[in-house]
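J.: Below you will find the structure I want to go over with you.
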Amino acid sequence: MLIDSHCHLDYFNQPGEQAEVVERARLAGVGELVTIGVTLSQSREAIEIAEKFDNVWACVGVHPNHAADELPVAEPEAIAALARHPKVIGIGESGLDYFYDKAPRDIQEQNFRANIRAARLSGLPLAIHARAADEDIARILAEERALGHFDFLLHCFSSGRALAEAALDMGGYISFSGILTFPKSQDIRDIAASVPPERLLVETDAPYLAPVPFRGKRNEPAYTAHTAKVLGEVKGMSPEAIAELTTANFKTLFRKAA
Ligand SMILES: [Zn+2]
């Protein structure tokens, strides 16, 4: 069984569509999914979706692109309060996005730190969105780790080797998406090759970033296997072995999903 550790099921908003997407995932061997929060209000929607399906979990948090949507920045306690729901297994996604720069960078940093504190308060892992902000992500992680422990993963990995190594040194996990399958992503495959097996996760980030051979189409959780297959090739493992490994890693990091 595979697990899609990061998707956005709320984007599949036609009547009955979420049930179809979850069923197609099941038929493709994807037994569990995590639907992700991007604002405080939308995180409540993620919880409602997770309540509808036995095999769907939720994360709650505020995405850097939405950091200035609902000001003032969410209090860590407010995020952690949502995380008490039994279907919420993680915090996020949060982080920094200097590619889109949709929120001022100081607000992005405040928001990232609030989500980190929510991870610490709740004891749940944080799904980190890092785009064109490697140095500041590494700096903030190191500063916040000095204040107290929290678990985390770099989701949809597309950063440089230095951030991967900094994250791994802190005990972080790294999750690979369809980007891993793109012909031009040799640098990402090279980094994946050097990540210790016990720190690897897979995801779709659906509806974005469909893997080869669906590139350019709307992505969905059923396609997790295509990314897992390429990750298996990079690591010299069979599709069955990479599924077993990444599922075991998921259950170790997201302890509440056990
Ligand atoms: Zn993201």
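The values are calculated or read from the model by the stated rules, or taken from the named source; none is laboratory data. Just so it is clear, the model here is predicted, and its values are computed rather than measured. Cβ sites come from the backbone with ideal geometry, for glycine too, and all protein chains shown count toward neighbours. Surface accessibility is based on the protein's heavy atoms, side chains included, excluding ligands, DNA and RNA. Shrake-Rupley method; radii C 1.70, N 1.55, O 1.52, S 1.80 Å.
J.: For segment 143-168, give me each residue that is loosely packed, with under 12 Cβ neighbours inside 10 Å and of a type in the set (Asp, Glu).
T.: Of segment 143-168, the ones loosely packed, with under 12 Cβ neighbours inside 10 Å are 143, 146-149, 162.
Within segment 143-168, Glu143 is the sole residue that qualifies.
J.: Counting only residues that are polar (S, T, N, Q) and within 16 Å of the ligand (Cβ to nearest atom), which one in segment 50-97 is least open to solvent (accessible area, probe 1.4 Å)?
T.: To start, the set of residues in segment 50-97 that are polar (S, T, N, Q) comprises 55, 65, 94.
Filter again for within 16 Å of the ligand (Cβ to nearest atom), leaving 65, 94.
Details: Asn65: 27, Ser94: 0 Å².
Once the filter is applied, the top-ranked residue is Ser94.
J.: Another question about this same structure. Considering only segment 28-42, I want to know if a residue exists there that is among the hydrophobic types (A, V, I, L, M, F, W, C), in contact with a Lys or Arg (Cβ under 6 Å, 6 or more places away or on another chain), assigned to a helix (DSSP H, G or I) and more than 13 Å from the ligand (Cβ to nearest atom).
T.: Within segment 28-42, the first condition is being among the hydrophobic types (A, V, I, L, M, F, W, C), and the residues that meet it are 28, 30, 33-34, 36, 38, 40.
Those still in the list that are in contact with a Lys or Arg (Cβ under 6 Å, 6 or more places away or on another chain) too: none.
Within segment 28-42 (the criterion being among the hydrophobic types (A, V, I, L, M, F, W, C), in contact with a Lys or Arg (Cβ under 6 Å, 6 or more places away or on another chain), assigned to a helix (DSSP H, G or I) and more than 13 Å from the ligand (Cβ to nearest atom)), the answer is no, since none of the residues qualifies.
J.: Might you let me know whether segment 103-116 holds any residue that is modelled with pLDDT of 95 or more, closer than 19 Å to Ala258 by Cα and either away from the ligand (no atom under 15 Å from the Cβ) or touching a Phe, Trp or Tyr at 6+ places or on another chain (Cβ under 7 Å) (or both)?
T.: From segment 103-116, those modelled with pLDDT of 95 or more are 103-116; that's our starting set.
Filter once more, keeping what is closer than 19 Å to Ala258 by Cα: none.
No, because not a single residue in segment 103-116 is modelled with pLDDT of 95 or more, closer than 19 Å to Ala258 by Cα and either away from the ligand (no atom under 15 Å from the Cβ) or touching a Phe, Trp or Tyr at 6+ places or on another chain (Cβ under 7 Å) (or both).
J.: Being open to solvent by 10 Å² or more (accessible area, probe 1.4 Å) and farther than 19 Å from Ile128 by Cα: is that true of Ala210 here?
T.: On the way: open to solvent by 10 Å² or more (accessible area, probe 1.4 Å): no; farther than 19 Å from Ile128 by Cα: yes.
Criteria not met by Ala210.
J.: Return yes or no: is Ala133 buried (at least 24 other Cβ atoms within 10 Å of the Cβ), within 16 Å of the ligand (Cβ to nearest atom) and over 13 Å from the mean Cα position of the chain (by Cα)?
T.: On the way: buried (at least 24 other Cβ atoms within 10 Å of the Cβ): yes; within 16 Å of the ligand (Cβ to nearest atom): yes; over 13 Å from the mean Cα position of the chain (by Cα): yes.
So Ala133 fits the description; yes.
J.: OK, next. Just one of Ala248, Ala192 is open to solvent by less than 20 Å² (accessible area, probe 1.4 Å) and at pLDDT 95 or above; which is it? Steps first, please.
T.: On the way: Ala248 fails: open to solvent by less than 20 Å² (accessible area, probe 1.4 Å).
Of the residues listed, the single one that is open to solvent by less than 20 Å² (accessible area, probe 1.4 Å) and at pLDDT 95 or above is Ala192.
J.: Identify, by number, the condition in (1) in a loop (DSSP other than H, G, I, E, B); (2) over 17 Å from the mean Cα position of the chain (by Cα); (3) within 16 Å of the ligand (Cβ to nearest atom); (4) of a type outside the set (Phe, Trp, Tyr) that Pro183 doesn't meet.
T.: Of (1) in a loop (DSSP other than H, G, I, E, B); (2) over 17 Å from the mean Cα position of the chain (by Cα); (3) within 16 Å of the ligand (Cβ to nearest atom); (4) of a type outside the set (Phe, Trp, Tyr), only one is false for Pro183: (3).
J.: Scanning segment 21-48 for residues that are touching a residue at least 40 places away in the same chain (Cβ under 8 Å) and under 15 Å from Gly90 (Cα atoms), which turns out surrounded by the most Cβ atoms within 10 Å (Cβ to Cβ)?
T.: If we take residues in segment 21-48 being touching a residue at least 40 places away in the same chain (Cβ under 8 Å) and under 15 Å from Gly90 (Cα atoms), then Gly37 is surrounded by the most Cβ atoms within 10 Å (Cβ to Cβ).
J.: Do any residues in segment 154-166 that are in a loop (DSSP other than H, G, I, E, B) have Cβ atoms under 9 Å from those of residues that are more than 10 Å from the ligand (Cβ to nearest atom) and open to solvent by 30 Å² or more (accessible area, probe 1.4 Å), where the two are at least six apart or on different chains, and which pairs are they?
T.: Close Cβ pairs (under 9 Å, with a partner that is more than 10 Å from the ligand (Cβ to nearest atom) and open to solvent by 30 Å² or more (accessible area, probe 1.4 Å)) amount to Ser159/Ala132; Ser159/Asp134; Gly160/Asp134; Gly160/Asp187.
J.: Looking at this structure, is Gly172 open to solvent by less than 50 Å² (accessible area, probe 1.4 Å), closer than 23 Å to Tyr98 by Cβ and within 16 Å of the ligand (Cβ to nearest atom)? Please lay out each step first, then the result.
T.: Numbers: open to solvent by less than 50 Å² (accessible area, probe 1.4 Å): yes; closer than 23 Å to Tyr98 by Cβ: yes; within 16 Å of the ligand (Cβ to nearest atom): yes.
Against the criterion (open to solvent by less than 50 Å² (accessible area, probe 1.4 Å), closer than 23 Å to Tyr98 by Cβ and within 16 Å of the ligand (Cβ to nearest atom)), Gly172 qualifies.
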